[in-house]
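Here is the structure we will look at.
The values are calculated or read from the model by the stated rules, or taken from the named source; none is laboratory data. Just so you know, these numbers come straight off a predicted model, no measurement behind them. Don't worry about glycine lacking a Cβ; one is built from the backbone with ideal geometry, like all the others, and counts go over all protein chains shown. Side chains included, ligands, DNA and RNA excluded: accessible areas come from the protein's heavy atoms. Shrake-Rupley method; radii C 1.70, N 1.55, O 1.52, S 1.80 Å.
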Amino acid sequence: MALSTASESRRAGPQDPMPSVSTHDSSGAKLKNFKFVFVTGGPGSGKSTQCAKIVENFGFEHLSAGDLLRAEQNSGTEIGNMIKDLIKEGKLVPSEVTVKLILKAISESTNDKFLIDGFPRNEENREVWDRVTGLKPEFILFITGSEEEMERRVLSRTGTNTTVHKVNGLHSADEVFASIRPLFELIVQAS
C-alpha cells in the first residue's frame, strides 16, 4: 500500500497541531510503499507477546499507539505538551493526533511492514484513520482470551497483594457506579 493521506495539502495550524506527514518528495514521487496489520484485543490477551513473535519471524516493525503517545508526551514538543495537558485533564487525545503519530513513525522507518498495536480502539478511531489515510490494513488481528485469563495476566503484572474489587461494567452507568460508590466511601470516611 502506498502511504498517502487525505490531509497532505493541509498545513499545521491551531486546529491541526500535528504537522502533516509528507508522503511525497518535492518531485511528487512516492517515498514509501508499505503493508500493515492492525493488532487489537483486550488487555492481557497477549498482543505484545504475539507482536514480538511476528517481528522475530516475519520482519514486521511493531508500532504501539500507546508507546507513540507516551514518547511524544515526554518529548517536550508542543504536541507532547498538548497530550500531557489532555491526559492531566482526563480527556482523550484526538484520534487525528494518534493517526499522525503512527504515520510519522511509519515514514521515519526503514521498514515496509508494520504491526499497529492498540489502534483503532473504537469506530471513531477507525473512521478517522480512513478519513486521514484512505488506507486499508492487510487484515485485522484480533486476539481474544477468556476474561479470567486476561484478568490474571493484568493483575500479575502489578505484583500486587492488594484487594481486587471486580465490578460488572455491563449494567447502566448508574448501576455500575452504585456498585463502585461504597468502595470509595470507605476510603473517604477513613481519611
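Within the stretch 150-166, identify whether any single residue is closer than 25 Å to V39 by Cα and either of a type in the set (D, E) or in contact with a Leu (Cβ under 7 Å, 6 or more places away or on another chain) (or both), and answer yes or no. Looking for residues that are closer than 25 Å to V39 by Cα and either of a type in the set (D, E) or in contact with a Leu (Cβ under 7 Å, 6 or more places away or on another chain) (or both), one finds at least one in the stretch 150-166, hence yes. Pairs meeting the criteria (first residue in the stretch 38-60 and farther than 21 Å from T98 by Cβ, second residue of a type in the set (D, E, K, R), beta carbons under 6 Å, at least 6 apart or on different chains) are G44/R153. Only one of L183, L155 is under 30 Å from Q73 (Cα atoms) and not aromatic (F, W, Y). Can you tell me which? Selected residue: L155, the only one of L183, L155 that is under 30 Å from Q73 (Cα atoms) and not aromatic (F, W, Y). Residue by residue through the stretch 49-77, note down the ones that are touching a Gly at 6+ places or on another chain (Cβ under 7 Å) and closer than 24 Å to G145 by Cα. Across the stretch 49-77, the qualifying residues are S64, A65, G66. Being of a type in the set (V, I, T), open to solvent by 80 Å² or more (accessible area, probe 1.4 Å) and within 17 Å of F60 (Cα to Cα) is the filter here; which residues of the stretch 103-153 pass it? T110, I140 - these are the residues of the stretch 103-153 that are of a type in the set (V, I, T), open to solvent by 80 Å² or more (accessible area, probe 1.4 Å) and within 17 Å of F60 (Cα to Cα). Annotation note: Cβ proximity below 6 Å between a residue of the stretch 161-182 that is at pLDDT below 85 and a residue that is of a type in the set (S, T, Y) and part of a helix (DSSP H, G or I) (sequence gap 6+ or interchain) occurs for V167/S179. Which residue is most open to solvent (accessible area, probe 1.4 Å), if the candidates are limited to the stretch 53-98 and must be in contact with a Ser or Thr (Cβ under 7 Å, 6 or more places away or on another chain) and within 22 Å of N122 (Cβ to Cβ)? The extreme case among them is L69. Of all the listed residues (D117, D112), the sole one being touching a residue at least 12 places away in the same chain (Cβ under 8 Å), of a type in the set (D, E) and in contact with a helix residue (DSSP H, G or I) (Cβ under 8 Å, 6 or more places away or on another chain) is D117.
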